[in-house]
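Chemist: Starting off with a structure, shown below.
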DNA sequence: TTGTATGCGTTATCAC
DNA sequence: GTGATAACGCATACAA
């Protein structure tokens, strides 16, 4: 079978470098191309030689060189997950779902953080695109046209943003979650709502407002949007005054981060939640459940979105129905004061 | 932009495939090897031809194929950052620091999540190691020997764990932060502390206890460790009874996640913090500052740790002094009841 | 079923 | 300073 090695260590045909299929071929007494077949297309090789080759490979601790394979096949088994701002807790679940799904397909995931810079995001995309089989964009700052250009070169999926029919996207159906949230507020006696938008350029922020307005129209509530804010705790805190000025008894915010900030501002200024103001966020990020008071929120299945994005970019799934959102009632949404 | 060859679009020498240095060479009227030099080693080419080549490359929208380059040079300009559990918020600062530093060096970062499985971590490492220039292990579940094996094949840095002199690591100096925390508790009148360890296998958990014991010895306090727990909110919540049973007036936990859980358990059971029990965590994760009450904690500069890990694995920095930790006082640590 | 020959796109080693 | 040519390690038509 194998020559006697002079130790427990696998014998390396050549110095410190990793063994190649040539080394395996020599050890197994076959041609290198047979080794390649045995490892990539086992069904095209007799079971006997396949067995011999596997043993030789194991003995040598051989592993296919992914770079060489990629150069030949054009496929890298690698996906890029481009994150606009990795400090945003919503991406945690997306990353987790995506890495898990990618692993199931034998794919590795490259995660980039653009630190909110569209310039950097564009540069990373250009650099990465020849080295990956597909791109997933989460919280992208790129313009629709830039996204379309990328999508012409490699499979591309955008999470949580509709960029038209020239690029695929994983979207959420906001109505179930937002509908339930507004219904809940209506049942608690609220009649007048405020919405704190995120960045004006955010497509999803606009969608959230539209869904809120649909629900309000259906249930006969008023809704007023205040000035847009940065999607941060500071932005939410800064919005408190304006929200109170609207006379609304409940506020919905672009995301949890902002409402967490608004909650802090309310506490430090003696505005009681939910007695004086009910608060509802979006995303159900880490911390929403143990904020004080715990933050009611509308969430979408982000890990599922990450998984679906991977399946779509790999061509294993076509764009399906939007993912359902869900309302999570918590103490920050309470009855309107008598 | 259109794909029409005779439009304003860059002319593609061949069909849909990306242009190569051969295409650039033909367009610039030079040899392919000169193109390669002009792009990788501009100083070895006359400025005139370099200029011509750059123009031709730009015209063709040419980009070096990183796969082919990697096959030839053996360098991929890629690092793997292997995360033991990506749901742990501490890793996000590490990821952020590492991605930023890697970007500065023109390196891309592959992030993996082992989902707490050492088997999977080992498999990912074996699969990735031929495709990267180095490995960074954060929250690794691998045994020291496995780590040493990997370190023999590629540069490797472990974050927050000492694996001896056979692999590099980025460590924290726990004494400043823990010393300040214990001093703070002592000044508040505490005399008896409890420590809730994380997993018994966790090297860093043991280190934290040792540092606490050093500080207690110095300041004349008592410290008792209770049974180890899972490093989760559930684990921390489950430890509450045992902590109270020790008679300690203050508890330090392996990490913030656990102490956040303990805080919740205390609230739901009517144990007032800090009046009946002061609580101190580790890591200063997202949410620690707005928990109720806000959680005092000891933090290390995790983003800096990520940056340093990248520099070390790239060979740009040798292991330096441990990174300093810092105590962050917050209301969960208060005066001992009279 | 297996072996032969060639190409993937780049860099490296020579010549010139 | 530039050109020709051989690797890098694998996959794949094609021949046997």
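Read the figures in this text as sums done on the coordinates, not as results from a lab. Since the structure is predicted, the reported quantities are computational estimates derived from the model, not experimental observations. Here the Cβ is made from the backbone with ideal geometry for all residues, glycine too, and neighbour counts use every protein chain on show.
Chemist: What does the C-alpha gyration tensor say about the overall shape of the protein assembly as shown? Classify as rounded when a/c is under 1.5, otherwise prolate if a/b is larger than b/c, or oblate.
Modeler: Numbers: a/c = 2.14, a/b = 1.31, b/c = 1.63.
It is oblate, given that a/c is not under 1.5 and a/b is not larger than b/c.
Chemist: Mean shadow of the range B:268-321, computed from the convex hull of its alpha carbons, in nm²? List each step's numbers first, then the result.
Modeler: On the way: hull surface 20.7 nm².
If I average the Cα hull's projected area over directions, I get 5.2 nm².
Chemist: Further question: In what sequence, highest mean first, do A:50-56, B:82-88 appear when ranked by Cβ atoms within 10 angstrom?
Modeler: On the way: A:50-56: 19.3, B:82-88: 21.6.
Those peptides, ordered most packed to least, come out B:82-88, A:50-56.
Chemist: I'd like the mean, over residues of B:110-117, of how many other protein chain beta carbons sit within 10 Å of each residue's own Cβ. Could you put the intermediate results ahead of the total?
Modeler: Values: counts 6, 10, 6, 9, 2, 4, 0, 0.
For this peptide, the per-residue mean of nearby foreign Cβ atoms is 5.
Chemist: At residue B:145, with labels set 7 Å past Cα in the Cβ direction, how many nm apart are the copies from this one, shortest first?
Modeler: 6.1
Chemist: Using 0.36 nm per residue, how much length does the chain from residue A:115 to residue A:318 gain when fully extended, once their Cα-Cα distance is taken away?
Modeler: Length gained between residue A:115 and residue A:318: 70.1 nm.
Chemist: Further question on the same structure: Which of the peptides A:267-276, A:127-136 is most tightly packed, and how do the rest follow, judged by the mean count of other Cβ atoms within 10 Å per residue? Each step should come with its number before you reach the end.
Modeler: Working: A:267-276: 14.5, A:127-136: 21.5.
In decreasing order of mean packing, A:267-276, A:127-136 become A:127-136, A:267-276.
Chemist: Taking the Cα-to-Cβ direction at residue A:222 and at residue B:272 and moving 7 Å from each Cα, how far apart do the two end points lie in nm?
Modeler: 4.2 nm
Chemist: Follow-up question, since we're still on this one. Starting from 0.36 nm per residue, how many nanometres of slack lie between residue B:145 and residue B:61 once their C-alpha separation is accounted for?
Modeler: Gain on extension, residue B:145 to residue B:61, equals 25.5 nm.
Chemist: Something else: Separation of the range A:104-135 and the range A:230-272 by C-alpha centroid, Å?
Modeler: 34 Å
Chemist: Rg to Rh for the range B:94-248: what is it, with Cα atoms only and Rh by Kirkwood? Walk me through the numbers before you get to the answer.
Modeler: Working: Rg = 18.8 Å, Rh = 17.9 Å.
Looking at the range B:94-248, the ratio lands at 1.05.
Chemist: Using Cα-only point scatterers and the Debye equation, what is log10 of I(q)/I(0) for the range A:14-64 at each q in 0.17, 0.18, 0.25 Å⁻¹, rounded to two decimals?
Modeler: Once normalised to I(0) and log-transformed, intensities are -0.41, -0.45, -0.85.
Chemist: Now a separate question. With both partners inside the protein assembly as shown, how many of the DSSP beta bridges are antiparallel, as a percent to the nearest 5?
Modeler: Taking every DSSP beta bridge within the protein assembly as shown, about 10 percent pair in antiparallel fashion.
Chemist: Along Cα→Cβ, 7 Å out, is where each label goes; now give me the distance between the ones at residue B:105 and residue B:153 in nm to one decimal.
Modeler: Taking the simple label geometry, residue B:105 and residue B:153 are separated by 2.0 nm.
Chemist: Between the range A:173-208 and the range A:152-171, what's the alpha-carbon centroid distance in Å?
Modeler: Spelled out, the Cα-based centre of one part sits 25 Å from the other.
Chemist: Put a point 7 Å out from Cα along the line to Cβ at residue A:331; what are the distances to that point in the other copies, in nm, shortest first?
Modeler: Between copies, matching label points for residue A:331 lie 1.2 nm apart.
Chemist: Quick check: convex hull over the Cα atoms of the range A:76-171, volume per residue in Å³, rounded to an integer? Mind showing how you got there, number by number?
Modeler: Numbers: hull volume 7.9 nm³, N = 96.
Hull volume over Cα atoms, normalised by residue count, gives 83 Å³.
Chemist: If you don't mind, another one. Using a label point 7 Å beyond Cα on the Cα-Cβ vector, give me the inter-copy distances for residue A:214 in nanometres, one decimal, shortest first.
Modeler: Copy-to-copy label distances at residue A:214, shortest first: 6.0 nm.
Chemist: Hey, another quick one. Give me the extension gain from residue A:166 to residue A:245: residue separation times 0.36 nm, minus the current Cα-Cα distance, reported in nm with one decimal. If you can, show how the numbers build up before the last one.
Modeler: On the way: separation 79, 0.36 × 79 = 28.44 nm, distance 4.24 nm.
Full-extension gain reported as 24.2 nm.
Chemist: Still on this model: When chain A is treated as a GNM, springs tying every alpha-carbon pair under 10 Å, which of A:309, A:250, A:123 comes out with the largest mean-square fluctuation?
Modeler: Comparing A:309, A:250, A:123 in the GNM, the peak value goes to A:123.
Chemist: Say each of residue A:22 and residue A:123 gets a label point 7 Å from the Cα, pointing the same way as Cα to Cβ; how far apart are those two points in nm?
Modeler: 4.0 nm
Chemist: Now for a different question. Given C-alpha coordinates of the range B:106-145, what is the ratio Rg to Rh with the Kirkwood estimate of Rh? Walk me through the numbers before you get to the answer.
Modeler: On the way: Rg = 10.3 Å, Rh = 10.9 Å.
Computed over Cα atoms, the ratio is 0.95.
Chemist: Rounded to a whole number of µm²/s, how large is the Stokes-Einstein D of chain A at 10 °C and 1.306 mPa s, given Rh as the Kirkwood radius over C-alpha pairs?
Modeler: Values: Rh = 22.9 Å.
Rounded to a whole number, D works out at 69 µm²/s.
Chemist: Largest first and in whole Å, give the semi-axes of the range B:16-123's equivalent ellipsoid, each being the square root of 5 times a Cα gyration tensor eigenvalue.
Modeler: Values: eigenvalues 308, 42, 27 Å².
Result for the range B:16-123: semi-axes of 39, 14, 12 Å.
Chemist: Using helices alone, what [θ] at 222 nm do you get for the protein assembly as shown, with -39,500 (n - 2.57) per DSSP H run of 4 or more residues, divided over all residues and rounded to the nearest 500?
Modeler: Values: 24 runs with 288 residues, N = 676.
That calculation yields -13000 deg cm²/dmol at 222 nm.
Chemist: I would also like to ask the following. What ranking do B:92, B:327, A:282 get, fewest neighbouring Cβ atoms within 10 angstrom at the top? Walk me through the numbers on the way to the answer.
Modeler: Values: B:92 25, B:327 22, A:282 30.
Fewest to most other Cβ atoms nearby, the residues stand as B:327, B:92, A:282.
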